[in-house]
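Right, one structure below, let's go through it.
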Amino acid sequence: MSCKFCKTKPVITLTNNKINLCKSCFIKYFERKALKTIKQYKLLEKKDNVVCAVSGGKDSLSVLNLLIKLKDKMNLTLTALLIDEGIKGYRNKSIENAKKFCKEKNIKLEIASYKENFGKTLDSMKKKNKNTIACSMCGVFRRSLLNKKSRELKATKLATGHNLDDEAQSILMNQLRHNIALSSRLGPITGVKRDPRFIPRIKPFYFLTEKEVATYAFLHNLVNDFNECVYCEESYRFEIRDLLNDMEQKHPGTKHALVASFIEVLPLLKNKFKDIEIRSCKNCGEPSSSEICNVCQIIKKII
Ligand code: SF4
Ligand code: ZN
Ligand code: ZN
């Protein structure tokens, strides 16, 4: 078994076409594929003010690593933004990792916490609301805080490390929950219509698998441990993740096919939901599709 292009020792076999690649051919393949996505879906423009969401994990540091390589060429302003949910024993380690990486690369790192912004850590919210799934609160808070802080930083784009596995999970979750309106906001660049209150989220790794991103991170020495959040086991997303991994093992190409089919119908979905009105939450003023935004509704219920 050798690299398809240079016949040296391979580091990875790509799952969708069974091609073996060595370290340097894989890095070239990976970055070319991300750049193709950036170009094809117009994710970046010259002089963009990009805020990169980082958690200190493999996906987010890999996307930050790629953006650093593009920074001078595209004249980008680049800031890293980390959301500290307040999850003991999990987030502390990844914050240290993100701080170290940003310091080495001379990238400004902003940190925003649930405690400062919503009054409590996720751990204490969960302690008081044992029957509420942690991820259902956490996802809403994180999305809102990332958008709000990026807007305050005058970002023109918010980059995330979402990969093909993440997107396949979101597509399937929305299908199984009959939540097509949520699906219309997915894609390599999120949102249905431009609104200055929402910073468009871009996903350069949209067509790269989790395994490929993990390999890229490993080859760049970006993370030294792959620990998972303590609450992940209770989430619906992780059930879907296991289901898709199982399907992928039995039927290779399943995830690629799911995302490719979705991309074909996405313009129709965006068109269907383009006239939905975006209001301002009566309570906090943040953009919302209902009178009171999801963040305020959750806070009222659980805190
Ligand atoms: Fe938050 Fe759930 Fe992710 Fe943990 S697994 S960080 S609770 S969304
Ligand atoms: Zn090679
Ligand atoms: Zn609100």
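The values are calculated or read from the model by the stated rules, or taken from the named source; none is laboratory data. It should be emphasised that the depicted structure is a prediction, and the values quoted were computed from it without experimental measurement. We place every Cβ from the backbone using ideal geometry, glycine too, and count neighbours over all the protein chains shown. SASA here: full protein model, heavy atoms, side chains in, ligands and nucleic acids out. Shrake-Rupley method; radii C 1.70, N 1.55, O 1.52, S 1.80 Å.
Tabulated values for the structure
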quantity: Residue among Asp195, Asp246 that is over 17 Å from the mean Cα position of the chain (by Cα), in a loop (DSSP other than H, G, I, E, B) and of a type outside the set (Lys, Arg); calculated: Asp195
quantity: Which listed residue is at positive phi, among the charged types (D, E, K, R) and away from ligand 2 (no atom under 16 Å from the Cβ), from Lys47, Lys88, Lys73, Lys18; calculated: Lys47
quantity: From the options Lys23, Lys28, Lys33, Lys9, residue that is farther than 17 Å from Ala217 by Cα and of a type in the set (Lys, Arg); calculated: Lys9
quantity: Residues of region 83-101 that turn out to be in contact with a Ser or Thr (Cβ under 7 Å, 6 or more places away or on another chain) and either at pLDDT below 90 or among the polar types (S, T, N, Q) (or both), as a count; calculated: 1
quantity: Candidates Ser144, Ser136, Ser170 - the one that is touching a Cys at 6+ places or on another chain (Cβ under 8 Å) and under 24 Å from Phe238 (Cβ atoms); calculated: Ser144
quantity: Top-ranked residue of region 109-133 - restricted to ones that are open to solvent by less than 30 Å² (accessible area, probe 1.4 Å) and under 18 Å from Ile95 (Cβ atoms), ranked as nearest to ligand 2 (Cβ to nearest atom); calculated: Ala112
quantity: Close pairs (7 angstrom Cβ cut-off, 6 or more residues apart or separate chains): hydrophobic (A, V, I, L, M, F, W, C) in region 278-289, more than 16 Å from ligand 2 (Cβ to nearest atom) and open to solvent by 70 Å² or more (accessible area, probe 1.4 Å) anywhere; calculated: Ile278/Ser289
quantity: Residue among Ser280, Ser288 that alone is within 16 Å of ligand 3 (Cβ to nearest atom), open to solvent by less than 70 Å² (accessible area, probe 1.4 Å) and in contact with a Pro (Cβ under 8 Å, 6 or more places away or on another chain); calculated: Ser280
quantity: Filtered residue count, region 202-231, keeping only those that are outside any loop (DSSP other than H, G, I, E, B) and open to solvent by 10 Å² or more (accessible area, probe 1.4 Å); calculated: 6
quantity: Residue match in region 76-87 (condition: among the aliphatic types (A, V, I, L, M) and part of a helix (DSSP H, G or I)); calculated: no
quantity: Identity of the residue in region 217-244, hydroxyl-bearing (Ser, Thr, Tyr) and touching a helix residue (DSSP H, G or I) at 6+ places or on another chain (Cβ under 6 Å), that ends up modelled with the lowest pLDDT; calculated: Ser235
quantity: Pairs where the first residue, in region 1-25, is modelled with pLDDT under 90 and the second is of a type in the set (S, T, N, Q), C-beta under 6 Å, 6+ apart; calculated: Met1/Asn20
quantity: Candidate set: region 36-59, residues that are more than 30 Å from Ser113 (Cα to Cα) and open to solvent by 70 Å² or more (accessible area, probe 1.4 Å); chosen: the one farthest from ligand 1 (Cβ to nearest atom); calculated: Lys46
quantity: Hits in region 138-182 (condition: among the charged types (D, E, K, R), touching a residue at least 12 places away in the same chain (Cβ under 8 Å) and part of a helix (DSSP H, G or I)); calculated: Arg142, Lys148, Lys149, Arg151, Asp165, Asp166, Glu167
quantity: Members of region 19-47 that are under 26 Å from the mean Cα position of the chain (by Cα) and part of a loop (DSSP other than H, G, I, E, B); calculated: Tyr41, Lys42, Leu43, Leu44, Glu45, Lys46, Lys47
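Here is a yes/no grid of residues against (1) over 23 Å from Thr160 (Cα atoms); (2) not in a loop (DSSP other than H, G, I, E, B):
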{"position": "Ser94", "(1), (2)": "no, yes"}
{"position": "Asn97", "(1), (2)": "no, yes"}
{"position": "Phe101", "(1), (2)": "no, yes"}
{"position": "Glu104", "(1), (2)": "no, yes"}
{"position": "Leu109", "(1), (2)": "no, yes"}
{"position": "Lys120", "(1), (2)": "yes, no"}
{"position": "Met125", "(1), (2)": "yes, yes"}
{"position": "Ser136", "(1), (2)": "no, yes"}
